Amino acid sequence: MIGIQYVILDLEWNSVYSKKHSKFINEIIEIGAVKLDESLRGIDSYSSLIATEIGKNLQKKVIELTHLTNEDISTGKSFGSVMSDFKKWIGKSDTVVMSWGKCDIYALMENFSYFSGSHQIPFLKSYVDLQEYCGELLNQPANMQLGLQPAAEKLSVVTEQLDMHRGLSDAVISAQCLQKVYLKQKFEKHIMTCDEQFYDRLLFKPYVIKNFKNPAFDTEKLLTDCPKCGQRLKRISKWSFKNSFYRCVMECRNCQRRFTTEVRFKQYYDYVDFKKKVREIRESNTENNKAD
């Protein structure tokens, strides 16, 4: 029986303008990966340059970051050929693919969509965002992304002998970070099945709800208590929309104070994020608030 294995990949890409799609695309120029067994022991590695087909030349910042040249990239194989080889390299074992953040997955989806017409990634069956997992284990605030280099430093992973911002080196560093913080039960909670819902979630673009009649707009959350005395505030101006927030002036009839109340409802794939800000209006600001 073939056991489970883990593949940690890392990509480098070059942002180029596609006349075909009238937009910029992150064209992948290198892939590096390491394969681990179910005990997280390294068993193989993969590395390949990918010849550019959309853009002719590498951007200056890409050359400076990766130390790759246009001549280097010209020796690579086509995207389709490399991806076919990579799928064969992964093999038929149950595989959990990982990357440091979802940016590499977005880039793969974008490149597969461009070259094959489908955004689905053929070798992706199960996935873990290592940046998210390691961030949780290192108590990183959820709203702050943890970079690979800072994570390696926190975990005492030695990187001096490796070339940062190259596919295989970054995949090796990511694997070493995982080995430092691997906890089976917590890790398994981060494994995502790459079905249609997985892609729908990635492709969904969050948006601010601007219509009071939207069912997701919870009007009960517009009710606001006075931050000073706790009594319910009374709205004394109309709601206006500015900079993603609905805004109005409210008054506390108990302590005779006025407040600016701002609320925002933002729709994500499977939940609505709500934010509220309440600020007291000082007398010196009264005229400004009336003008607003």
Out of His165, His119, sole residue that is in the same structural domain as Ile73 (by TED's automatic domain parsing), assigned to a loop (DSSP other than H, G, I, E, B), closer than 24 Å to Leu65 by Cβ and in contact (Cβ under 8 Å) with a residue 24 or more places away in the chain: His165
Scope the stretch 16-41; condition closer than 21 Å to Phe112 by Cα, crowded, with 19+ Cβ neighbours inside 10 Å and charged (D, E, K, R); matching residues: Glu27, Glu30
Single match in Asp44, Asp10, Asp72, Asp94 (criterion: under 17 Å from Ile121 (Cβ atoms) and either surrounded by fewer than 22 Cβ atoms within 10 Å (Cβ to Cβ) or without any contact (Cβ under 8 Å) to a residue 12 or more places away in the chain (or both)): Asp94
Test for Phe212: is it among the aromatic types (Phe, Trp, Tyr), touching a strand residue (DSSP E or B) at 6+ places or on another chain (Cβ under 6 Å) and modelled with pLDDT under 95: no
Single residue of Leu40, Leu9, Leu68 found to be assigned to a loop (DSSP other than H, G, I, E, B), within 17 Å of Trp100 (Cβ to Cβ) and of a type outside the set (Ser, Thr, Tyr): Leu40
Condition check for Asp270: assigned to a helix (DSSP H, G or I), out of contact with any Asp or Glu (no Cβ under 9 Å at 6 or more places or on another chain) and either in contact (Cβ under 8 Å) with a residue 60 or more places away in the chain or not assigned by TED's automatic domain parsing to the domain that holds Asp129 (or both): no
Breaking point among (1) buried (at least 18 other Cβ atoms within 10 Å of the Cβ); (2) touching a residue at least 24 places away in the same chain (Cβ under 8 Å); (3) not hydrophobic (A, V, I, L, M, F, W, C), for Gly135: (2)
Qualifying residue in the stretch 217-238 (condition: of a type outside the set (Asp, Glu), under 27 Å from the mean Cα position of the chain (by Cα) and crowded, with 16+ Cβ neighbours inside 10 Å): yes
Top-ranked residue of the stretch 239-259 - restricted to ones that are under 39 Å from the mean Cα position of the chain (by Cα) and over 14 Å from Arg279 (Cβ atoms), ranked as surrounded by the most Cβ atoms within 10 Å (Cβ to Cβ): Tyr246
Search result, residues across the stretch 236-264 that are over 19 Å from Cys226 (Cβ atoms) and not in a strand (DSSP E or B): Lys238, Asn243, Ser244
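The values are calculated or read from the model by the stated rules, or taken from the named source; none is laboratory data. Not measured: the values here are computed from a predicted model. When we count neighbours, we look across all protein chains shown, and the Cβ atoms used for this are built from the backbone with ideal geometry, even at glycine.
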